[in-house]
Amino acid sequence: MELAYYSDYAVRLVNTEEPVRGTDTLTSVDAVRDLFGSSQSAARRTTDADVTRFRSVRARLRAVFEAADTGDETLAVDLLNSLLLEFPVSPQISGHDFRDDDGRPLWHMHLADHPSNATAGYAAIAAMGLAFHLTEYGVDRLGLCEAAPCRNAYLDTSTNRSRRYCSDRCATRANVAAYRARKRLEADRSASTGRAATSTQRTSANGER
């Protein structure tokens, strides 16, 4: 498993809230457990206290994306470094149950956490994964969706660094809105031109009298 894979932990947590819309799905222990995905052993450590703690980490991770989105690379790195210091992990070589053609373990790097609670474990993996993504692809690959009022976080893995939206749905919605705005502008210009032509004709007619 590539270490950059863990960056998705950060995106999943940040996107449990949409501040502009005023929605928040991180309201229960079950909602927190769902964030762990297949890591059920880690999810079982979750308690009621983790709901509040997860929200605190979420705000700090969103601040990283916001700094990156505005082009403040130094702030984004500083914010992420503070999370890495507070929630450390231990990289380990792991083979799990994967095998290559020779029957040997398929070795890969794995982030092993030794947390005091579920929040510490999740935050450690999310922060480290985001750090690997940032250093591998660049700070500008961390973004917030431009399709207002969405503002969900995303990781840009496009070849030409062109991603601007968190999903195809938001991209389509933004493109449709832009198309309609252009049509309205064209209609307004056409109407304005028509009014100007009519005014000119009236002026000419009055001058000929």
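The values are calculated or read from the model by the stated rules, or taken from the named source; none is laboratory data. Quick caveat, the model's predicted, so the values are computed rather than measured. In this analysis, Cβ positions are derived from the backbone assuming ideal geometry, glycine residues included, and neighbour counts consider all displayed protein chains.
Some values worked out for this structure:
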read-out: Subset tally (residues that are farther than 18 Å from residue 79 by Cα and in contact with a Leu (Cβ under 6 Å, 6 or more places away or on another chain)) for the stretch 13-34; value: 1
read-out: Selected residue (criterion: modelled with the lowest pLDDT) from residues of the stretch 59-104 that are small (Gly, Ala, Ser) and surrounded by fewer than 16 Cβ atoms within 10 Å (Cβ to Cβ); value: 103
read-out: Long-range neighbours under 6 Å by Cβ, at least six apart or interchain, first residue without any contact (Cβ under 8 Å) to a residue 60 or more places away in the chain within the stretch 46-71, second of a type in the set (Gly, Ala, Ser); value: 67/76
read-out: Cβ-Cβ under 6 Å pairs, at least 6 apart or on other chains, the stretch 107-124 side of a type in the set (A, V, I, L, M) and modelled with pLDDT of 90 or more, far side assigned to a loop (DSSP other than H, G, I, E, B) and surrounded by 13 or more Cβ atoms within 10 Å (Cβ to Cβ); value: 118/45; 118/46; 120/87; 123/87; 124/87; 124/89; 124/113
read-out: Among the candidates 31, 59, 76, residue that is under 20 Å from residue 149 (Cβ atoms) and either in a strand (DSSP E or B) or among the aliphatic types (A, V, I, L, M) (or both); value: 59
read-out: Criterion: closer than 27 Å to residue 170 by Cβ and part of a helix (DSSP H, G or I) - qualifying residue of 66, 146; value: 66
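For every residue, the table says whether it meets (1) among the polar types (S, T, N, Q); (2) touching a Lys or Arg at 6+ places or on another chain (Cβ under 8 Å); (3) surrounded by 18 or more Cβ atoms within 10 Å (Cβ to Cβ); (4) not assigned by TED's automatic domain parsing to the domain that holds residue 147.
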position: 7; (1), (2), (3), (4): yes, no, yes, no
position: 10; (1), (2), (3), (4): no, no, yes, no
position: 17; (1), (2), (3), (4): no, yes, yes, no
position: 23; (1), (2), (3), (4): yes, no, no, no
position: 27; (1), (2), (3), (4): yes, no, no, no
position: 30; (1), (2), (3), (4): no, no, no, no
position: 35; (1), (2), (3), (4): no, yes, yes, no
position: 39; (1), (2), (3), (4): yes, no, no, no
position: 42; (1), (2), (3), (4): no, no, yes, no
